[in-house]
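Right, one structure below, let's go through it.
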Amino acid sequence: MTDPVFVLNTDTEEKLFGPLDRHFADFMVRLSKDLSPRGQVNLWLASALVSNSVGRGDVCLLLPEKAGRPLVFENNDGTPPEPIMCPDLEEWVRDLREAPVVGKPGDFRPLILDEKHRLYLYRYWLYEQELARFIMGRMDHHAQSVDADVLVDSLKRLFPDGDGGETDWQGVAAVVTAYRKLSIISGGPGTGKTYTVARILALLVEQAKAGRIAIALAAPTGKAAARLAGMIRDAKGTLNCTSDVKTAIPEEASTIHRLLGPTPKAGTFRFNRANPLPYDVVVVDEASMVDLPLMAKLVSALPDHSRLILLGDKDQLASVEPGAVFGDICGTDRTVSSLPGLTKIVEDMAAYKPPKKEGPAGLLPDFVTVLKKSYRFSADAGIGNLAAAVNRGDSDTVLALLKGRTCRDVIRQEVPPPESLERALEERIGHVYREYFTAQNPEEMFSLFGRFHLLCALRQGPYGAAAVNRLVESIARRSGFIRPEGRWYKGQPAMVTSNDYHLRLFNGDIGILLPDPESNGQLRVHFATEKGAFRKLLPSRLSEWETAFAMTVHKSQGSEFEHVMILLPDRFSEVLTRELIYTAITRAKKTVEIWGQEDVLAEALSRTTRRQSGLRDALSKFR
């Protein structure tokens, strides 16, 4: 077999890689002038690929998956492309080892190549190592001085419903958190994650007795933080504990960025390893949305004695930025009954029977708890059954549920062609926007905004969020709700698309433009605060934003709506995966309507998101 021929001309490079990928690869080669011509080509290709992989959400490039295989691209003229072949693995690794810009783990080089032939950008390798060290350190140390008698009393009062024959996983999560300085709680919609953590916080306060305990609540986005704060406030009203215990549980939550205290220097925070956060317990909701760099910075800012509680759904989409941290940490849902003292405690209470060991050995058997019972959906509810079938990749059951007439909360119809989409939307949901635009005050408009939402799988294209937003605006103009002129209008939902630390606005925050009586009726963007009030800003102060009648499924994470309509493209796209469909469906509390072709939906369910990282391997070394 002859060696593959490399022909990387400018035209080919532009079809395979973006400008950032190409410039980075050029820079790596310029720093490696002593390499052979072949070595320079192999280094250029590896550098461009790892940069491209990070841009797609991977933490690293797994060389064995590319070695000896073609990189296929499309020619603009429609002619069949001549694929570019990657070198075989042995040659590729040998050439990279000789490059001065490539180091082994522990070296300070722009690129790191590990023993499994994973190639990292240095900072992502460092983030992964810091997070792995934190997790393994927490695995090795139990929380100090747990009072078992107080714990049993707390469990009986705070988790009184665990008296059936099945394991009460909410109670198990509470025991795990009492004994561990790291607790991961995963569960689908309606499994009671926030209900559980409110009771866990009360339990921890009771363990502290007369001692003061400082608690922080956080989430990746402003809307997720506001939702967490509201649910904690509601849950506190149901706690069977003293008023002093309730008072110790905070009712406000912040974004993780705000918690860490951003500084003027991009990517740096006031709280860090040298200046830890002043909290004993930190709770992070919607943890599946947290990317690797932010999670690494969060854990590095935690004091040694603190507890970290991560809440999320391991089956949801991973973060937009690189990493699938929550999914990697969860790994499996192996039993947690190996904790010291847990068996005795649960055997003292009939409600807390140690669960049977099931499934393969997990990576983190001691502090990952998966809540399995949904309290939102009944056993015969369409949304719950649909989400479960999607998770299994069971397209036959999914299509049967969507076709059947027994589940009125789930509907599917064929997506119309692009030229008919606006009329179809107006006929189906025009009444929703008539009610929305005629709302009389901010409270009513925000309430209506939360009742229904359009979720798009894509951002661009005729079925993408950008185009669908324009269609909704066109429908509203014809109905007289929007003036033909002007960029801003009453009722326009504006979603922030990048963090603005000066305005204290963060990616995903949504405001609505409304006349402000305090400003002579001029339009102001109203942002709901955690306390139920509104912050009002001039529209011109928003630097990066987009209209949000429709949003991508990725952007919808951390949100819930009573009714959701999901728009899939009329043909398959690589963006469509099982996790995306599951995430979209589980944004709905009452009904979900999917517009999409059967073959497109079935293909999406057959594909799972797979992000490359070494975190799971790093954690598996600690048994």
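The values are calculated or read from the model by the stated rules, or taken from the named source; none is laboratory data. Bear in mind that the values here come from a model prediction, so they are computed numbers and not experimental data. With ideal geometry, Cβ positions are generated from the backbone for all residues, glycine too; neighbour counts draw on all protein chains shown.
Restricted to the range 573-588, and to residues that are farther than 21 Å from Ala381 by Cβ and of a type in the set (S, T, N, Q), which residue is modelled with the lowest pLDDT?
Ser573
Under 9 Å by Cβ, and 6 or more places apart or on different chains, what pairs join a residue from the range 56-68 that is under 18 Å from Leu89 (Cβ atoms) and basic (Lys, Arg) with one that is part of a loop (DSSP other than H, G, I, E, B) and modelled with pLDDT under 95?
Lys66/Cys86
Given the criteria over 28 Å from the mean Cα position of the chain (by Cα) and of a type outside the set (Asp, Glu), does Ala400 qualify?
On the way: over 28 Å from the mean Cα position of the chain (by Cα): yes; of a type outside the set (Asp, Glu): yes.
Answer is yes for this residue.
Considering only the range 546-560, how many residues are in contact with an Asp or Glu (Cβ under 9 Å, 6 or more places away or on another chain) and in a strand (DSSP E or B)?
Within the range 546-560, residues that are in contact with an Asp or Glu (Cβ under 9 Å, 6 or more places away or on another chain) and in a strand (DSSP E or B) number 1.
Which of the numbered conditions does Asn240 fail, given that it passes all the others? Conditions: (1) over 24 Å from Leu277 (Cα atoms); (2) buried (at least 18 other Cβ atoms within 10 Å of the Cβ); (3) touching a residue at least 60 places away in the same chain (Cβ under 8 Å).
Of (1) over 24 Å from Leu277 (Cα atoms); (2) buried (at least 18 other Cβ atoms within 10 Å of the Cβ); (3) touching a residue at least 60 places away in the same chain (Cβ under 8 Å), only one is false for Asn240: (2).
Considering Thr191, Thr196, which residue is assigned to a loop (DSSP other than H, G, I, E, B) and closer than 28 Å to Lys372 by Cβ? Let's see the steps before the verdict.
Working: Thr196 fails: assigned to a loop (DSSP other than H, G, I, E, B).
Of Thr191, Thr196, the one residue that is assigned to a loop (DSSP other than H, G, I, E, B) and closer than 28 Å to Lys372 by Cβ is Thr191.
Among Asp333, Asp328, which is the only one that is assigned to a loop (DSSP other than H, G, I, E, B), modelled with pLDDT under 95 and of a type outside the set (Lys, Arg)?
Asp333
How many residues does the range 224-283 hold that are among the aliphatic types (A, V, I, L, M), part of a loop (DSSP other than H, G, I, E, B) and either outside the structural domain of Arg199 (by TED's automatic domain parsing) or modelled with pLDDT of 90 or more (or both)? Outline the logic, then answer.
Filtering the range 224-283 down to residues among the aliphatic types (A, V, I, L, M) leaves 224-226, 228-229, 231-232, 235, 239, 245, 248-249, 253, 256, 259-260, 266, 274, 277, 281-283.
Remaining after also requiring part of a loop (DSSP other than H, G, I, E, B): 239, 249, 253, 266, 274, 277.
Keeping just the survivors that are either outside the structural domain of Arg199 (by TED's automatic domain parsing) or modelled with pLDDT of 90 or more (or both) gives 239, 249, 253, 274, 277.
Going through the range 224-283 one residue at a time, the tally reaches 5.
Anything in the range 491-534 that is of a type in the set (Phe, Trp, Tyr) and assigned to a loop (DSSP other than H, G, I, E, B)? List them, or say none. Walk me through it before giving the result.
The first filter runs over the range 491-534 and keeps only residues of a type in the set (Phe, Trp, Tyr), leaving 501, 506, 527, 534.
Scanning the range 491-534 gives Tyr501, Phe506.
Please state which of the following conditions Gly521 fails to meet, knowing it meets all the rest: (1) in contact (Cβ under 8 Å) with a residue 60 or more places away in the chain; (2) farther than 22 Å from Ala225 by Cβ.
Result: Gly521 fails condition (1) only.
Which condition does Pro262 not pass, out of (1) more than 23 Å from the chain's Cα centre (by Cα); (2) over 18 Å from Leu311 (Cβ atoms), if it passes all the others?
(1)
What do you reckon, is Ile249 in contact (Cβ under 8 Å) with a residue 40 or more places away in the chain and more than 15 Å from the chain's Cα centre (by Cα)? Full working, then the answer.
Numbers: in contact (Cβ under 8 Å) with a residue 40 or more places away in the chain: yes; more than 15 Å from the chain's Cα centre (by Cα): yes.
Answer is yes for this residue.
Taking the conditions exactly as written (over 28 Å from the mean Cα position of the chain (by Cα) and more than 14 Å from Glu593 (Cα to Cα)), does Glu419 satisfy them or not?
Values: over 28 Å from the mean Cα position of the chain (by Cα): yes; more than 14 Å from Glu593 (Cα to Cα): yes.
Considered against the rule, which asks whether it is over 28 Å from the mean Cα position of the chain (by Cα) and more than 14 Å from Glu593 (Cα to Cα), Glu419 comes out as yes.
Please give the number of the condition Thr529 fails out of (1) of a type in the set (Val, Ile, Thr); (2) surrounded by fewer than 23 Cβ atoms within 10 Å (Cβ to Cβ); (3) modelled with pLDDT of 90 or more.
(3)
Of the conditions (1) among the aliphatic types (A, V, I, L, M); (2) touching a Cys at 6+ places or on another chain (Cβ under 7 Å); (3) modelled with pLDDT under 70, Val5 clears all except one; give me its number.
Result: Val5 passes all but (2).
Given the criteria in a helix (DSSP H, G or I) and either within 15 Å of the chain's Cα centre (by Cα) or not assigned by TED's automatic domain parsing to the domain that holds Leu503 (or both), does Thr583 qualify?
Considered against the rule, which asks whether it is in a helix (DSSP H, G or I) and either within 15 Å of the chain's Cα centre (by Cα) or not assigned by TED's automatic domain parsing to the domain that holds Leu503 (or both), Thr583 comes out as yes.
Every residue in the range 200-220 that is under 13 Å from Cys241 (Cα atoms) and either part of a loop (DSSP other than H, G, I, E, B) or not assigned by TED's automatic domain parsing to the domain that holds Pro303 (or both), please.
Step one: of the range 200-220, the residues under 13 Å from Cys241 (Cα atoms) are 200-207, 209.
Result: Lys209, single match.
What are the pairs with Cβ atoms under 6 angstrom where one residue, in the range 84-111, is β-branched (Val, Ile, Thr) and the other, located anywhere, is surrounded by 15 or more Cβ atoms within 10 Å (Cβ to Cβ) and in a helix (DSSP H, G or I)? Sequence gap at least six, or different chains.
Val101/Met28; Val102/Leu96
Which of (1) assigned to a strand (DSSP E or B); (2) among the aromatic types (Phe, Trp, Tyr); (3) surrounded by fewer than 21 Cβ atoms within 10 Å (Cβ to Cβ) is the odd one out, the single condition Trp488 does not satisfy?
Result: Trp488 passes all but (1).
Just checking: which of the helices (runs of 4 or more DSSP H) contained wholly in the range 31-138 hold 2 or more residues that are under 30 Å from Phe367 (Cα atoms)? It would help to see each step written out before you state the result.
Numbers: elements: 37-55, 63-66, 89-98.
Here the list is empty.
Given the structure, is His563 within 17 Å of Met289 (Cα to Cα) and either at pLDDT below 90 or not in a loop (DSSP other than H, G, I, E, B) (or both)? Before the answer, list the steps.
Values: within 17 Å of Met289 (Cα to Cα): no; either at pLDDT below 90 or not in a loop (DSSP other than H, G, I, E, B) (or both): yes.
No, not satisfied.
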